[in-house]
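Engineer: I have a structure I would like to understand better, so I am pasting it below and will then ask my questions one at a time.
The values are calculated or read from the model by the stated rules, or taken from the named source; none is laboratory data. This is a predicted model, so every value here is computed, not measured. All Cβ positions, even for glycine, are placed from backbone atoms using ideal geometry, and neighbour counts span all protein chains on display. For accessibility, only protein heavy atoms count, side chains too; no ligands or nucleic acids. Shrake-Rupley method; radii C 1.70, N 1.55, O 1.52, S 1.80 Å.
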Amino acid sequence: MPVKPKLGQNFLNDSEAIQRIAASIGDLTGRTVVEIGPGRGAITGALAARAAHLLAVELDHALALRLRVHFPPERVTVVERDALQFDFAAASAAAGERLLVVGNLPYGITSQILLKLAASHTASIVPF
């Protein structure tokens, strides 16, 4: 699957780095986690194995489809949407908890995403 620079795509392939990132987030038992820009799902699998539920917010249609095929819907909900349009407050209310948000954020919109998250007060942010 080709990289789309327009979307700020950058895919992680180092399995050791993936495990270190997932472990550095801490205990996710019983938590709902939002992953912004899961791409090909490299970190998605590690997060889904640790969290009660994962919401994967992916803009790219082909990647969202790939994630839906690869991950069971009872563990991972793929939301095909721009992260700037995602309703973090509604997702937090539906989960009944403050969300943990992680992601390899697209460089071009990192500030906008962080400002949106800070304004929502419904998420703890863990950029990697």
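Engineer: Within segment 67-105, which residues are within 21 Å of Ala22 (Cα to Cα) and of a type in the set (D, E, K, R)?
Structural biologist: Residues satisfying the conditions are Arg68, Glu74, Arg75, Glu97, Arg98.
Engineer: Determine which single condition Ala89 fails, assuming it passes every other condition in (1) open to solvent by 40 Å² or more (accessible area, probe 1.4 Å); (2) at pLDDT 90 or above.
Structural biologist: (2)
Engineer: Determine whether Val34 is closer than 18 Å to Ile21 by Cα, modelled with pLDDT of 90 or more, touching a strand residue (DSSP E or B) at 6+ places or on another chain (Cβ under 8 Å) and aliphatic (A, V, I, L, M). Give the derivation first.
Structural biologist: Values: closer than 18 Å to Ile21 by Cα: yes; modelled with pLDDT of 90 or more: yes; touching a strand residue (DSSP E or B) at 6+ places or on another chain (Cβ under 8 Å): yes; aliphatic (A, V, I, L, M): yes.
So Val34 fits the description; yes.
Engineer: Moving to a separate point now. List the number of the failed condition for Arg98; all other conditions in (1) out of contact with any Leu (no Cβ under 9 Å at 6 or more places or on another chain); (2) closer than 21 Å to Gln112 by Cα; (3) modelled with pLDDT of 90 or more hold.
Structural biologist: (3)
Engineer: Given the condition charged (D, E, K, R) and crowded, with 21+ Cβ neighbours inside 10 Å, answer yes or no: does some residue in segment 32-49 qualify?
Structural biologist: yes
Engineer: Counting only residues that are within 19 Å of Ala52 (Cβ to Cβ) and in a loop (DSSP other than H, G, I, E, B), which one in segment 1-31 is modelled with the lowest pLDDT?
Structural biologist: Gly26
Engineer: Continuing with this model, one more query. Identify, please: which residue in segment 15-30 is without any contact (Cβ under 8 Å) to a residue 24 or more places away in the chain and open to solvent by less than 60 Å² (accessible area, probe 1.4 Å) and is, among those, farthest from Asn104 (Cα to Cα)?
Structural biologist: Gly30
Engineer: Of everything in segment 61-80, what is outside any helix (DSSP H, G or I) and either touching an Asp or Glu at 6+ places or on another chain (Cβ under 8 Å) or surrounded by fewer than 19 Cβ atoms within 10 Å (Cβ to Cβ) (or both)? Give them in sequence order.
Structural biologist: Looking only at segment 61-80, we keep the residues that are outside any helix (DSSP H, G or I), and these are 71-80.
Scanning segment 61-80 gives Pro72, Pro73, Glu74, Arg75, Thr77, Val78, Val79, Glu80.
Engineer: Would you please name the residue that is most open to solvent (accessible area, probe 1.4 Å), looking only at residues in segment 94-118 that are within 13 Å of Val34 (Cβ to Cβ) and among the small types (Gly, Ala, Ser)?
Structural biologist: The extreme case among them is Ala94.
Engineer: Can you name every residue in segment 37-60 that is over 22 Å from Gly96 (Cβ atoms) and either assigned to a strand (DSSP E or B) or at pLDDT 95 or above (or both)?
Structural biologist: Glu58
Engineer: Assuming Leu105 fulfils every condition listed in (1) among the aliphatic types (A, V, I, L, M); (2) modelled with pLDDT of 85 or more; (3) outside any strand (DSSP E or B); (4) in contact with a Pro (Cβ under 6 Å, 6 or more places away or on another chain) apart from one, which condition is it?
Structural biologist: (2)
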